[in-house]
Amino acid sequence: MNFKQLGINDDIINLLQKSGITKPTPIQEESIAIIKDGKDVIAEAQTGTGKTLAFLLPIIENISTTTNSIQALIISPTRELAIQITEEATKLKSAKDINILAAYGGKDVGSQIKKLQKNIHLVIATPGRLLDHIKRGTVDLSKLKTLVLDEADQMLFMGFKNEVETIINKAPKNHQTLCFSATMNSQVKKLAYRYMTDPTVISVTKEEVITLDNIKQFVVETTDRRKQDSLCSVLAEDNPFMAIIFCRTKRRADELEMGLSKRGIKCEKLHSDIPQAKRERIMKSFRKADIQYLIATDVASRGLDVSGVTHIYNYDIPETAEDYIHRIGRTGRAGEEGYTCMFIDPKNQKTLDEIERKIKFKIPRRELTL
Ligand code: ADP
Ligand code: MG
């Protein structure tokens, strides 16, 4: 199956080709034509499988540039993800000149409103800022054809349920709804079914174990008190090219950043209290590999696609095996080798047992030499 068979036009195909995208991924193969047909879709596929283009391509195909109204809306749980989707959509503009508005918090609302007075076809937004625009009357969703909830499970997890429902209710009755997620729990499904008409469910989840094949996993047994020391020994031994260090909470990320900085280790942190402009700057320098260590919480990093991450450190153990897979799945992409190390306190033993049971792998222990 190629993009042409899925109903994508040659201009877009040629443009994709220039960035090395020649063959649709499985989730794209299964969803593009159905979405283009106007059907409601619930799609589940792991992080990094190309979900963004799976909905962007048919949406862009379906937008009429001669119509002066917002025809498609993509809602994302975080600003970072909204930025990433906007970048991907903007790249396609040279093949089809649609007008895009990115509406997320932290960005000047005035300039967004000014832009909205122009002819906008596609809005990419976070729930809060979008509601702001709806309340001000600056966004009119009455002509909306397609609504996308990206990372729908995360959106609910972050408590955006009411916001999302308010937004859905502003769209016309017969609009198309697309729900994309890495994991579909029953809560997401419930919400999805409430607002969708006879949705097609597409799930391309692979056996999770398979995807971890090219990632070398280790556990360091330590204690909460000794964790920073243990991490620093490991970092000194590994000297990773580009690493993400995951913490459980914002506060833990703050503390770790201070601790590492005191030891002269250059790092940046990413969580939801960091001002928008700064987050964008940090992501940019991390993507360019100007930053060696990025400290992050799950929420801030969800859905981000950064290539070239060589090492993932779980400074704090993730709550579930799914989270573990999400975190470490940021390395070892596209056939490259990845490396991950998790620091555990004795009281994490139960969670660790669960993770190992789920991934069907007893993670080897790593002894520290420093
Ligand atoms: P997801 O939303 O599923 O986590 P993304 O949409 O962020 O994944 O895509 C991950 C990466 O894969 C991006 O860098 C994207 O450009 C790339 N990509 C998407 N589709 C294809 C494709 N058909 N072939 C090659 N690379 C692709
Ligand atoms: Mg995505």
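The values are calculated or read from the model by the stated rules, or taken from the named source; none is laboratory data. Keep in mind the model is a prediction, meaning the values are calculated, not measured. No Cβ is skipped: glycine too gets one built from the backbone with ideal geometry, and neighbour counts run over all protein chains shown. Each accessible area value is taken on the protein alone, full model and side chains, heavy atoms only, with ligands, DNA and RNA left out. Shrake-Rupley method; radii C 1.70, N 1.55, O 1.52, S 1.80 Å.
So, GLU151, is that one among the charged types (D, E, K, R), buried (at least 19 other Cβ atoms within 10 Å of the Cβ) and at pLDDT 85 or above or not? So GLU151 fits the description; yes. Scanning region 41-57 for residues being within 9 Å of ligand 1 (Cβ to nearest atom), open to solvent by 20 Å² or more (accessible area, probe 1.4 Å) and under 14 Å from THR205 (Cα atoms) gives a total of 5.
Name the residue that is farthest from GLU61 (Cα to Cα), counting only residues in region 135-148 that are crowded, with 18+ Cβ neighbours inside 10 Å and in contact with a helix residue (DSSP H, G or I) (Cβ under 6 Å, 6 or more places away or on another chain). Before the answer, list the steps.
First pass over region 135-148, keeping only residues crowded, with 18+ Cβ neighbours inside 10 Å: 139, 141, 144-148.
Subsequent filtering for residues that are in contact with a helix residue (DSSP H, G or I) (Cβ under 6 Å, 6 or more places away or on another chain) retains 139, 141, 146, 148.
Values: VAL139: 22, LEU141: 19, THR146: 12, VAL148: 15 Å.
The qualifying residue farthest from GLU61 (Cα to Cα) is VAL139.
Among ALA296, ALA289, which is the only one that is part of a strand (DSSP E or B) and open to solvent by less than 60 Å² (accessible area, probe 1.4 Å)?
Numbers: ALA289 fails: part of a strand (DSSP E or B).
Unique residue meeting the criteria: ALA296.
Residue check: is GLN228 in a helix (DSSP H, G or I) and either out of contact with any Phe, Trp or Tyr (no Cβ under 6 Å at 6 or more places or on another chain) or touching a residue at least 60 places away in the same chain (Cβ under 8 Å) (or both)? Yes. Cβ-Cβ contacts under 7 Å between residues 6 or more apart (or on different chains), taken from a first residue in region 173-195 that is within 16 Å of ligand 1 (Cβ to nearest atom) to a second residue that is among the hydroxyl-bearing types (Ser, Thr, Tyr), are listed as LEU178/THR146; ALA182/THR47; VAL188/SER181. When region 235-284 is filtered for residues that are surrounded by 17 or more Cβ atoms within 10 Å (Cβ to Cβ), of a type in the set (Asp, Glu) and under 19 Å from ASP224 (Cβ atoms), only GLU257 remains. The set of residues from region 242-268 being under 13 Å from ASN314 (Cβ atoms), of a type in the set (Lys, Arg) and not in a helix (DSSP H, G or I) comprises just one member, ARG248.
Determine which member of the set THR66, THR90 is surrounded by fewer than 19 Cβ atoms within 10 Å (Cβ to Cβ), at pLDDT 95 or above, among the β-branched types (Val, Ile, Thr) and outside any strand (DSSP E or B). It would help to see each step written out before you state the result.
Details: THR66 fails: at pLDDT 95 or above.
The conditions single out THR90.
Counting only residues that are crowded, with 16+ Cβ neighbours inside 10 Å and without any contact (Cβ under 8 Å) to a residue 12 or more places away in the chain, region 11-40 holds 1 of them.
For every residue, the table says whether it meets (1) more than 16 Å from ligand 1 (Cβ to nearest atom); (2) over 24 Å from PHE180 (Cα atoms); (3) acidic (Asp, Glu).
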{"residue": "GLU61", "(1), (2), (3)": "no, no, yes"}
{"residue": "LEU81", "(1), (2), (3)": "no, no, no"}
{"residue": "ILE98", "(1), (2), (3)": "yes, no, no"}
{"residue": "SER111", "(1), (2), (3)": "yes, yes, no"}
{"residue": "LYS118", "(1), (2), (3)": "yes, yes, no"}
{"residue": "GLY128", "(1), (2), (3)": "yes, no, no"}
{"residue": "LEU131", "(1), (2), (3)": "yes, no, no"}
{"residue": "THR146", "(1), (2), (3)": "yes, no, no"}
{"residue": "MET155", "(1), (2), (3)": "no, no, no"}
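For region 114-131, the criterion of being under 22 Å from ILE59 (Cβ atoms), surrounded by fewer than 18 Cβ atoms within 10 Å (Cβ to Cβ), free of Cβ contacts under 8 Å to residues at least 24 places away in the same chain and in contact with a strand residue (DSSP E or B) (Cβ under 7 Å, 6 or more places away or on another chain) is met by at least one residue.
The single condition from (1) part of a helix (DSSP H, G or I); (2) closer than 27 Å to ARG279 by Cα; (3) modelled with pLDDT of 90 or more that ILE74 fails is (1). Annotation: GLY105 fulfils all but one of (1) out of contact with any Leu (no Cβ under 8 Å at 6 or more places or on another chain); (2) open to solvent by less than 40 Å² (accessible area, probe 1.4 Å); (3) within 16 Å of ligand 2 (Cβ to nearest atom); the unmet one is (3).
Scanning region 3-29 for residues that are more than 18 Å from ILE85 (Cα to Cα) and within 16 Å of ligand 2 (Cβ to nearest atom) returns a single hit, PRO26.
Once region 168-179 is narrowed to residues that are aliphatic (A, V, I, L, M) and touching a helix residue (DSSP H, G or I) at 6+ places or on another chain (Cβ under 6 Å), the residue that is farthest from ligand 2 (Cβ to nearest atom) is ILE168. Among the residues of region 322-343, those that are among the aliphatic types (A, V, I, L, M) and either over 26 Å from the mean Cα position of the chain (by Cα) or more than 13 Å from PHE218 (Cα to Cα) (or both) comprise ILE325, ALA334.
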